Amino acid sequence: MDKGKVDALLGIVFGDEGKGKIVDYFTPRYDIVARFAGGPNAGHTIIFGGKKFVLRSIPSGVFDKGKLNIIGNGCVIAPDLFMQEARELEQAGYDVRERLHISKRAHLILPTHRLLDKAYEAAKGKNKVGTTGKGIGPTYSDKASRTGLRVGDMLEGFTLKYDTLKARHLQILSDLRYTGFDIREEEREWMRGVEYMRGFSLTDTETELNACLSEGKSVLAEGAQGTMLDIDHGTYPFVSSSSTVCGGVCTGLGVPPRSIGEVFGIFKAYSTRVGSGPFPVELTDETGDKIRSLGNEYGAVTGRNRRCGWIDLVALRYAIMLNGVTQLVMMKSDVLDGFPTVRACVAYEKDGRQVTDMPFDTEGWKPVYEDIPGWLSPLSSCRSEQELPQAFRSYVSYLEQQLQTPITLLSVGPDREQTIVR
């Protein structure tokens with residue numbers, strides 16, 4: 001039997017593109033859906049049947065009965081938040097325990113990791129990264145410094161390991177003069193989450209995944225955040241703490257590079273960013289406010305306002321190159337229905353110099369725009385490419401020419417049915 005493939009579905013700018021909806025849409029054609037990086041700071045929103053679900057750690061394939069979902073070794077998990085998320089799904093009628101396996105090698109986010117996150121951010125003064133405060137960065141720091149706790153540690157000698165790491169964290173917090181907190185109730189809830197997680201299939205998921213691939217089964221790797229938030233290739237230091245690019249699929253799931261098949265790159269018809277950091281296409285005027293309002297651009301987990309701007313082709317070309325994107329998926333096309341002109345950033349400019357490749361530091365660069373006629377026609381009711389207005393189809397063709405990559409899927413609304421295959 002031919003070996004199966006791992007297709008990757010990645011956000012390719014700053015995240016928040018709507019990966020959850022597309023994973024849910026794609027799930028029926030795959031045997032396994034796997035998360036390979038990130039933690040509960042990444043909220044994937046899925047809307048169907050009039051119901052809204054926000055998934056933070058659990059893969060978006062959990063709604064499809066008979067599909068295996070995997071949280072890979074590259075992820076970080078907060079047991080208390082995981083328990084809350086899983087129980088909400090169980091109350092809605094989904095058998096999470098039957099459908100989900102968790103890597104023993106995934107790292108645990110402790111209550112003290114969340115305190116460290118806030119303490120480090122406070123210590124930065126004006127240079128804040130804009131962290132969600134979920135403890136993601138400190139957890140990955142412990143992973144890199146070889147002091148972290150992993151899911152597999154819950155199975156043996158856990159109390160001593162936990163107390164040792166907690167004491168280390170409390171010492172750091174004392175050194176930072178970050179005191180006056182009381183985490184006793186939070187810690188009790190966290191421990192309840194640990195006990196709850198022990199009831200799940202905690203496995204060597206890399207061995208499990210490779211065995212499935214040898215049997216010819218197919219895997220959809222679900223990304224978190226976006227390429228411009230990658231720890232290596234993003235707008236450092238205003239980035240996440242994990243590998244969000246296609247290479248992270250291999251390290252975060254334990255699969256070989258030869259197993260990677262299609263790479264789907266998800267982007268919006270415009271740009272958004274949450275938190276601090278350079279954002280050359282940001283619109284701080286009425287146009288930016290209008291896009292935010294029409295697109296409901298508020299964080300799925302934090303509720304924070306997303307910064308909005310026109311589409312950034314410099315960032316998209318960079319992300320397509322890094323990830324080896326084979327197909328593009330454009331989201332929220334309908335948000336721009338009412339604009340007589342839409343703009344596309346084709347280059348950056350600073351001190352009289354223009355660049356079309358991503359610079360080392362995007363701070364201070366200004367966008368160079370091309371204007372494209374808008375379509376001034378509602379897209380949300382369209383269900384086929386033929387129903388789309390010609391002006392919008394011309395916009396899609398323009399983007400394909402600029403990006404040299406086919407756009408094979410268009411989303412014209414939040415529901416499953418508002419998805420057009422080209």
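The values are calculated or read from the model by the stated rules, or taken from the named source; none is laboratory data. Just so it is clear, the structure is predicted and the values come from calculations on it, not from any experiment. Heads up, the Cβs are rebuilt from the backbone with ideal geometry, glycines too, and the neighbour counts pull from every protein chain shown. Accessible surface is based on the protein model in full, side chains and every heavy atom, while ligands, DNA and RNA are left aside. Shrake-Rupley method; radii C 1.70, N 1.55, O 1.52, S 1.80 Å.
Before moving on, here are some points about what is shown:
- Remark: for residue pairs 21/217; 5/52; 166/332; 3/161; 19/104; 52/118, the C-alpha separation exceeds 32 Å in 166/332; 3/161.
- Translational D in µm²/s for the chain (Stokes-Einstein at 37 °C, 0.692 mPa s, Kirkwood Rh from C-alpha pairs): 148 µm²/s
- A 1.4 Å probe run over the stretch 1-119, with the rest of the protein chains in place, finds 31 Å² accessible per residue.
- Between 265, 96, 346, the Cα set farthest toward the positive side of the dipole of the chain (charges on each charged residue's Cβ, about the Cα centre) is that of 96.
- Taken along the Cα-to-beta-carbon direction at a fixed 7 Å, the label points for residue 87 and residue 145 span 3.2 nm.
- Per-residue ellipticity at 222 nm from helix content only, as computed over the chain with -39500 (n - 2.57) for each DSSP H run of at least four residues, stands at -9500 deg cm²/dmol.
- Rounded Å value of the spacing that divides the Cα centres of the stretch 345-370 and the stretch 147-214: 43 Å
- Loop GluC sites (Glu not before Pro), the stretch 220-320 (other Cβ atoms within 10 Å of the site Cβ: 10 or fewer; DSSP): none
- Share antiparallel - DSSP beta bridges, the chain, percent rounded to 5: 40 percent
- The stretch 334-422: GluC sites (Glu not before Pro) falling in loop per DSSP and having at most 14 other Cβ within 10 Å: 363, 417
- Dipole-positive endmost among 358, 305, 406 within the stretch 280-406 (Cβ charges, Cα centre): 305
- Globularity index of the stretch 238-384, i.e. its alpha-carbon radius of gyration over 2.2 N^0.38 Å: 1.14
- Over the stretch 147-258, accessible surface divided per residue gives 48 Å², non-protein components excluded, 1.4 Å probe.
- Just checking the listed ones, 162, 236, 120: in the Gaussian network model of the chain with Cα springs under 10 Å, the one fluctuating most is 162.
- Taking the Cα centre of the stretch 60-165 as origin and assigning +1 to Lys and Arg Cβ atoms and -1 to Asp and Glu Cβ atoms, the resulting dipole is close to 440 debye.
- Think of each Lys and Arg Cβ as +1 and each Asp and Glu Cβ as -1; about the Cα centre, that makes the dipole of the chain roughly 520 debye.
- Accessible area (Å², per residue) of the stretch 343-422, counting only protein heavy atoms and a probe of 1.4 Å: 54 Å²
- Of the residues 70, 111, 277, the one whose Cα sits farthest toward the positive end of the charge dipole of the chain, with +1 on the Cβ of Lys and Arg and -1 on the Cβ of Asp and Glu, is 111.
- Annotation for the stretch 175-231: trypsin sites (Lys or Arg not before Pro) lying in DSSP loop with at most 13 further Cβ atoms inside 10 Å of their Cβ are 177, 198.
- 3J(HN,Hα) along the stretch 209-226, derived from phi through the Karplus expression 6.51 cos²θ - 1.76 cosθ + 1.60 where θ = phi - 60°, amounts to 5, 5, 5, 5, 5, 5, 7, x, 7, 9, 10, 10, 8, 9, x, 10, 6, x Hz, with x in place of Gly and Pro.
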